[in-house]
Amino acid sequence: MVEELLDVAVHCNTDDDIRAIAITGADHFCAGADLRLFEGGDADRTALRRLAGTLHEAIRELNAAGLPIVTGVSGVAAGAGFGIALHGDIVVLADDARLEFAYPRIGLAADAGTTYLLPRLVGLRKSLDIALRNDPIGPEEAVDMGLATETVPAADLGDHVESVAHDLASGPTAAFAETRRLLYGSFHNGLDEQLAAEQDAMDRAVRTEDFRRGLAAFFDERDASFEGN
């Protein structure tokens, strides 16, 4: 699966016609690695490093695309599945969803960028509580603590995620990419650096055709038809 995810991520990063990314599962979002692949010996080190490396390259490609990402979670999102779910800019949980850090159950540390995202979403203290106690997190609790954006009935999840992704894809996606970079980069910048980054991002955005489309639509009192360039 991680190899297929990498292929899809590279495609999203290189196809200019793609303007939003939606990641969903089937009955369950993702329960993490198939533990039947491991034997508890030294050979597992190579297998885990290869598995995590491929997954991490997929995550890098998805984020490098600069596209808005929507994740729709039904059933279980545990281990790497938990981390993948958190990479959505918009995270939609079905009312039957269950999030679980999961790694302590088998004596492993985390991957999939989970330790990068958790403190940024819920703070260090709550991140430690999630990671060390490993209590399952229900959909309403996940929304309340900032892990997810919203929850919907399980039967509506697919249509809702498609609608959200379609709305984002119809927006000024070049400007979205700039905004995503600014928000994620803000954790590493001081105020002066962030102000400079905002000025540079504005300079790039004002040169897009979407800015011209948006400006014209504003004065014509109509909705803009953005094309992502």
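Values quoted throughout were computed directly from the atomic coordinates according to the rules given, and no laboratory measurement underlies them. Bear in mind the structure is a predicted one, so any value in this text is a computation, not a measurement. Quick reminder, even Gly has a Cβ in these numbers, built from the backbone with ideal geometry, and neighbours come from all protein chains shown.
Quick check for me: using +1 on Lys/Arg Cβ and -1 on Asp/Glu Cβ, what's the dipole size of the chain about its Cα centre, in debye to the nearest 20? Could the numbers behind the result be given before it?
Working: 19 positive and 40 negative charges, 160 e Å.
It comes to approximately 760 debye.
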* Structure fact -> Under the rule rounded for a/c under 1.5, else prolate if a/b exceeds b/c, else oblate, using alpha carbon gyration tensor axes a ≥ b ≥ c, segment 173-219 is classed as prolate
* **Rounded if a/c under 1.5, otherwise prolate or oblate - segment 105-229, Cα gyration tensor axes** => oblate
* Expressed as a whole number of Å, what is the distance separating the alpha-carbon centroids of segment 144-169 and segment 95-138? -> 21
* segment 2-169 shape via C-alpha gyration tensor axes, a/c threshold 1.5 -> oblate
* Packing-based order for 40-53, 171-184, using average beta carbon neighbours within 10 Å, highest first -> 171-184, 40-53
* Structure fact -> Over all viewing directions the Cα convex hull of segment 72-175 casts an average projected area in nm² of 6.8
